[in-house]
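The structure appears right after this line, and notes come after that.
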Amino acid sequence: MAALRWLAPSAVAASAGALAAGLVDGAGTPGAIGALATAGFLAVLAVPALLAAGAIARGVIAAWRPGELAAALVDADGAAPRLAGWLAVIGLGALGLAGAMFQGVWALALNTAFKPLTISFAVPALAVATALAIVAVSRPAARLFGHLAHRLDARWRRGGRGTLLRPRRLLAGSGAAAIAVGAALWRWEVATQIGPIDVPLLVPAAGLAVTAAVHAAWPHLGRARAAVGLACAAATAAAIAIALACAFARPSLTLEIWGRPITGLAVEALFDLDAIHARIPLDEFRPRERAGAAHPDILLITIDTVRADHTPPYGGQAAMPALQALAARGAVFDRALAPSNVTRRSVPSIVTGLAADRVRGRVVGWALRIDPRHVVLAERMRAGGYDTAGFMCCEGFWGTTFHTGLERGLAHLEIEPHGPALAHQARAWLDARERRGGPPLFLWMHILEPHNWTTTAAEARSDAERHGAYDRTLTASDQMVGEVLDAFARRTVDRMPIVIVTADHGEALGEHGHPYHSTDLYDAQIRVPLVIAGPGIAPRRIAETVSLTDMVPTVLELAGFAPPDDRSLDGGSFADLATGRRADSPDGGIAFAAMIKDRSNPGGLTAISRGRWKLIDDNDNLELYDIRSDPGEHANAIGHNPQIAGELRALLAAHAARAEQSPFP
């Protein structure tokens, strides 16, 4: 009983802190039920954590015996110069340890060629040595600082004023100084080096603040302790009950709460999100049939990091005979733009049909775990009766490690990082399927090789050598495409699959001062190849601007379905352009692109392309380019074409307003 009585204030404080953190995180969640459920989900994990933290903190404080410590550090007149000395040592020691570790890790990395194992052994040794050195000088340093504080305080008190060195004043000043120094270092040193990182500090800060406040107030509550404790316990239990009920009775609300910055982690730890999503019947994703339409096999091949102008259909020098043969018998889109300049933002947009800044999710590893309420292309195709398969390069994007959701709907999935092996696996599976037959096929293959082109360019000494190294990875990717397409070589023309080859984004090769992708929205990073060939696709070049966000409705229409006409998609089908049912409009078509803030990516860039004109907005400056006369985007024409700039800026503003809206019904 004594132990329970001792734990009581920590339990009450933990309950209050967890509820406070949950309500802060749940701000903006629709309805009171949503806010309470958010608090309940978070409380399941936060209450034990805060209870343990509170109990440990109280135990540590009790072990330090602050009364005895005060007696040793505080003089009879209430001044505490020795406490001031030790606080100075602690602050300077922390800064010294942080500085030594920062510089030491950099020195180790540079002198060991960034070998992680060597660094991992050396860093603890460096930390121990630095800490021992600080401990060795701490006592004499504390005496020195205490002596200086005493002399300064003595001068202050000569005029009859009270001491400046009262313990509470020193502790409060030290805390304020620590916060100020930490904020300054973050603002002017850390953030300038690594860029902004989204850290949801308000939620844990609210929880910790309320927990500390309840602990501090507990001795003064007297007879009200029981009432306060019961109220906190009842409120926490009610919130948890509401959360658990929502997990089963209102899965859509649970999935929405998953999107909250902190509580989503609790939901993910407590429940299998894929299982919640799997409760939704496939019939809800079933696309509408188009009367009399055929259902051909569809192959979607996305190649990582391919800029259009290095491929043969667009005048590039890379040897890509398979792509060149497809282009000769199919539709080549001269101006196809990726939704973003990085895979984790572009691929989700391609397979959901939503603009990159409308896809909801959380960055995990190098990928984006999409909100489980999103419906991906393979799910729609499978619901429409297609056999679905995926052959993917990367565990981090399509495997079970991070559960990104990009693999949903793929009944058969194989993951292999080595491109040639992946192509062999796909070919073997297709050969077996050709022998046994089956329903129409939707196959998605993602090839990684061009993304890693720099591994073969380490010795490149000129731009020409770098370009050559990059082009060789395009050639290697094309060989994989050719091997997969050879599985259909024995088919008659009318039974051939519709093949779509494109890329998730491009690659800068020094343009505009950037050596790689994910740095800007110029065409080098977002203009990609797009070739479609197969039954009903006439050989032609299409000048109209299209976006890969249009891929979902396009594939559905090519597969014989009617694209959804609700707000679940942002893109519109360009299947009629590929089949020639609609005339090409060189000055038509609109494509948006966004560089989105996440991890250490500063984001903040958006672009819109319409016909020959392209506008880039970085929130401070506008750049307008005539892509036909200035394909390298060197001459900003914003001052010479105010009407065009105004029209495109209005379209960007409308898109930004839509991006703020929920993509879910």
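With (1) touching a residue at least 12 places away in the same chain (Cβ under 8 Å); (2) farther than 19 Å from Ala656 by Cβ; (3) of a type in the set (Gly, Ala, Ser); (4) out of contact with any Ser or Thr (no Cβ under 8 Å at 6 or more places or on another chain) as the list, and Gly589 as the residue in question, which single condition is left unmet?
Unmet for Gly589, out of (1) touching a residue at least 12 places away in the same chain (Cβ under 8 Å); (2) farther than 19 Å from Ala656 by Cβ; (3) of a type in the set (Gly, Ala, Ser); (4) out of contact with any Ser or Thr (no Cβ under 8 Å at 6 or more places or on another chain): (4).
So that you can scan it fast, the table gives a plain yes or no per residue for (1) in a strand (DSSP E or B); (2) more than 22 Å from the chain's Cα centre (by Cα); (3) surrounded by 20 or more Cβ atoms within 10 Å (Cβ to Cβ):
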| site | (1), (2), (3) |
| --- | --- |
| Leu556 | no, yes, yes |
| Leu569 | no, no, yes |
| Ala578 | no, yes, yes |
| Arg582 | no, yes, no |
| Gly588 | no, yes, no |
| Ser609 | yes, yes, yes |
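Take segment 489-511 and flag every residue that is more than 25 Å from Asp550 (Cβ to Cβ) and either surrounded by 14 or more Cβ atoms within 10 Å (Cβ to Cβ) or out of contact with any helix residue (DSSP H, G or I) (no Cβ under 9 Å at 6 or more places or on another chain) (or both). Steps first, please.
Here is the first cut: in segment 489-511, the residues more than 25 Å from Asp550 (Cβ to Cβ) are 489-495, 509-511.
Answer for segment 489-511, where residues must be more than 25 Å from Asp550 (Cβ to Cβ) and either surrounded by 14 or more Cβ atoms within 10 Å (Cβ to Cβ) or out of contact with any helix residue (DSSP H, G or I) (no Cβ under 9 Å at 6 or more places or on another chain) (or both): Ala489, Thr492, Val493, Asp494, Leu509, Glu511.
Yes or no: Glu544 in contact with a helix residue (DSSP H, G or I) (Cβ under 7 Å, 6 or more places away or on another chain), not polar (S, T, N, Q) and not in a loop (DSSP other than H, G, I, E, B)? Let's see the steps before the verdict.
Details: in contact with a helix residue (DSSP H, G or I) (Cβ under 7 Å, 6 or more places away or on another chain): yes; not polar (S, T, N, Q): yes; not in a loop (DSSP other than H, G, I, E, B): no.
Here the answer is no, as Glu544 does not meet what is asked.
Only one of (1) within 27 Å of the chain's Cα centre (by Cα); (2) closer than 27 Å to Thr130 by Cβ; (3) modelled with pLDDT of 90 or more is not met by Ala18, so which one is it?
(2)
Identify, from the list Ile134, Ile119, the residue that is more than 28 Å from Ala20 (Cβ to Cβ), open to solvent by less than 50 Å² (accessible area, probe 1.4 Å) and under 31 Å from the mean Cα position of the chain (by Cα). Give the derivation first.
Numbers: Ile134 fails: under 31 Å from the mean Cα position of the chain (by Cα).
Among Ile134, Ile119, only Ile119 is more than 28 Å from Ala20 (Cβ to Cβ), open to solvent by less than 50 Å² (accessible area, probe 1.4 Å) and under 31 Å from the mean Cα position of the chain (by Cα).
Do we have Ile627 as farther than 30 Å from Arg286 by Cβ and either in contact with a Leu (Cβ under 8 Å, 6 or more places away or on another chain) or open to solvent by 60 Å² or more (accessible area, probe 1.4 Å) (or both) here?
On the way: farther than 30 Å from Arg286 by Cβ: yes; either in contact with a Leu (Cβ under 8 Å, 6 or more places away or on another chain) or open to solvent by 60 Å² or more (accessible area, probe 1.4 Å) (or both): no.
No: the conditions fail for Ile627.
As an exercise: evaluate Gln479 against (1) in contact with an Asp or Glu (Cβ under 7 Å, 6 or more places away or on another chain); (2) touching a residue at least 40 places away in the same chain (Cβ under 8 Å); (3) open to solvent by 10 Å² or more (accessible area, probe 1.4 Å) and give the number of the one condition it does not meet.
(1)
Working only within segment 64-100, note down all residues that are more than 20 Å from Ala180 (Cβ to Cβ), open to solvent by 40 Å² or more (accessible area, probe 1.4 Å) and either in a helix (DSSP H, G or I) or among the basic types (Lys, Arg) (or both).
Hits for segment 64-100 are Trp64, Arg65, Pro66, Gly67, Glu68, Leu69, Ala70, Ala71, Ala72, Arg82.
Within segment 158-167, track down each residue that is of a type outside the set (A, V, I, L, M), open to solvent by less than 60 Å² (accessible area, probe 1.4 Å) and in a loop (DSSP other than H, G, I, E, B).
So in segment 158-167, the residues of a type outside the set (A, V, I, L, M) come out as 158-163, 166-167.
Filter once more, so that each one left must be open to solvent by less than 60 Å² (accessible area, probe 1.4 Å): 162-163, 167.
Passing the criteria: Gly162, Thr163.
Would you mind telling me which numbered condition in (1) assigned to a strand (DSSP E or B); (2) open to solvent by 40 Å² or more (accessible area, probe 1.4 Å) Phe442 fails?
Among (1) assigned to a strand (DSSP E or B); (2) open to solvent by 40 Å² or more (accessible area, probe 1.4 Å), the lone unmet condition for Phe442 is (2).
Of all residues in segment 636-663, how many are at pLDDT below 90, among the hydrophobic types (A, V, I, L, M, F, W, C) and surrounded by 15 or more Cβ atoms within 10 Å (Cβ to Cβ)?
So the count comes out to 1.
Can you tell me which condition Arg158 does not meet? The list is (1) farther than 27 Å from Gly182 by Cβ; (2) modelled with pLDDT of 90 or more, and all the others hold.
Status for Arg158: all satisfied but (2).
Collect the residues in segment 386-413 that are open to solvent by 40 Å² or more (accessible area, probe 1.4 Å) and either β-branched (Val, Ile, Thr) or not in a strand (DSSP E or B) (or both), keeping them in residue-number order.
Glu395, Thr400, Thr401, Phe402, His403, Ala411
With (1) at positive phi; (2) open to solvent by 20 Å² or more (accessible area, probe 1.4 Å) as the list, and Glu633 as the residue in question, which single condition is left unmet?
(2)
Any residue in segment 303-314 that is small (Gly, Ala, Ser) sitting within a Cβ distance under 6 Å of a residue that is assigned to a helix (DSSP H, G or I)? List the pairs, counting only those 6 or more apart or interchain.
Short answer, once both residue conditions are applied: Ala308/Tyr314.
Restricted to segment 399-442, and to residues that are more than 25 Å from Pro296 (Cα to Cα) and in contact (Cβ under 8 Å) with a residue 60 or more places away in the chain, which residue is farthest from the chain's Cα centre (by Cα)?
Pro420
The values are calculated or read from the model by the stated rules, or taken from the named source; none is laboratory data. Computed from a predicted model, the values in this text were never measured in an experiment. Virtual Cβ from ideal backbone geometry, glycine too; neighbours counted across all protein chains shown. Just so you know, the surface numbers come from the protein's heavy atoms only, side chains and all, with ligands and any DNA or RNA stripped out. Shrake-Rupley method; radii C 1.70, N 1.55, O 1.52, S 1.80 Å.
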